[in-house]
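For reference, the structure discussed in these notes is given below.
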Amino acid sequence: MKKTIVALGAVLLVCVSAMVACNGATSSSEKNEGMNNATGTKMVDEAGRIARGRYLVTIMGCNDCHSPKKMTPQGPVPDSTRLLSGHPAGMPIGAIDAKASKDWLLFHPNLTAFAGPWGVSYAANLTSSETGIGNWTEEQFFRALREGKYKGLANSRSLLPPMPWQNFRNATDDDLSAIFAYLKSTPPVDNVVPAWAPPAGAPQQ
């Protein structure tokens, strides 16, 4: 009888040990699965945010001014090798009629340089290059589009025409964040855009 009780006790002990081991393994497995799911969700969310940003940049017409153009039988189209890289460094803009620039807004044929009463302004490099917005913070980007500040710096000059930042100031945080994420994901195009040229006699800010 005693042998039977001892045997049963041993069996129970083995069963309990096995159950504890299984539960431990399950918990560890579930924990790892949860971590993987969280990581996967984060990656999916970021991909979705970038896709949203690309969509917004496309429909908002950012390429119209910020991308150099190639001439085609249908007119100028964005150069796919230099998307969003701004006015090309070293590209001449030619002579500007001073009288016309006082009364008119003049566009360079490349649609990346503009002349008017404020002088001559150039479309900025928005790619992930250090010569673009590669070193920008999201806070700078928000300030540029919400407050119209050059390079998103609090004490900098105002953004110049024809940049329509006033149209974007009421965009949601999520949309601006998505645009910034997309721009940060773009291929870097090294291009130092020429500095603003104020009208003759006007001080540079």
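Each reported figure results from applying straightforward, stated rules to the coordinates on display, with no laboratory input. On a predicted model such as this, the values are computed, not experimentally measured, just so you know. No Cβ is skipped: glycine too gets one built from the backbone with ideal geometry, and neighbour counts run over all protein chains shown.
What the table shows:
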item	result
Identity of the residue in segment 120-171, hydrophobic (A, V, I, L, M, F, W, C) and loosely packed, with under 14 Cβ neighbours inside 10 Å, that ends up farthest from residue 96 (Cα to Cα)	154
From 92, 68, 73, residue being under 19 Å from the mean Cα position of the chain (by Cα) and not small (Gly, Ala, Ser)	68
Residue 121, sole failed condition from (1) of a type in the set (Ser, Thr, Tyr); (2) part of a helix (DSSP H, G or I); (3) under 18 Å from residue 199 (Cα atoms)	(2)
Near pairs, Cβ below 8 angstrom, 6+ apart or cross-chain, from segment 60-76 (touching a residue at least 40 places away in the same chain (Cβ under 8 Å) and basic (Lys, Arg)) to any residue that is surrounded by 13 or more Cβ atoms within 10 Å (Cβ to Cβ) and in a loop (DSSP other than H, G, I, E, B)	69/79; 69/110; 69/111; 69/112
Filter pass, residue 110 being in contact with a strand residue (DSSP E or B) (Cβ under 7 Å, 6 or more places away or on another chain), crowded, with 19+ Cβ neighbours inside 10 Å and polar (S, T, N, Q)	yes
Residue identified as small (Gly, Ala, Ser), under 24 Å from residue 70 (Cα atoms) and within 14 Å of the chain's Cα centre (by Cα) among 128, 177, 121	128
Residues being free of Cβ contacts under 8 Å to residues at least 40 places away in the same chain and of a type in the set (D, E, K, R) - total across segment 116-162	6
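To keep it simple, each residue is scored yes or no on (1) surrounded by 15 or more Cβ atoms within 10 Å (Cβ to Cβ); (2) over 24 Å from residue 129 (Cα atoms); (3) aromatic (Phe, Trp, Tyr).
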position: 73; (1), (2), (3): no, yes, no
position: 77; (1), (2), (3): no, no, no
position: 80; (1), (2), (3): no, no, no
position: 86; (1), (2), (3): yes, no, no
position: 97; (1), (2), (3): no, yes, no
position: 103; (1), (2), (3): no, yes, no
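For every residue, the table says whether it meets (1) surrounded by 20 or more Cβ atoms within 10 Å (Cβ to Cβ); (2) of a type in the set (Val, Ile, Thr).
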site	(1), (2)
58	no, yes
67	yes, no
83	no, no
89	no, no
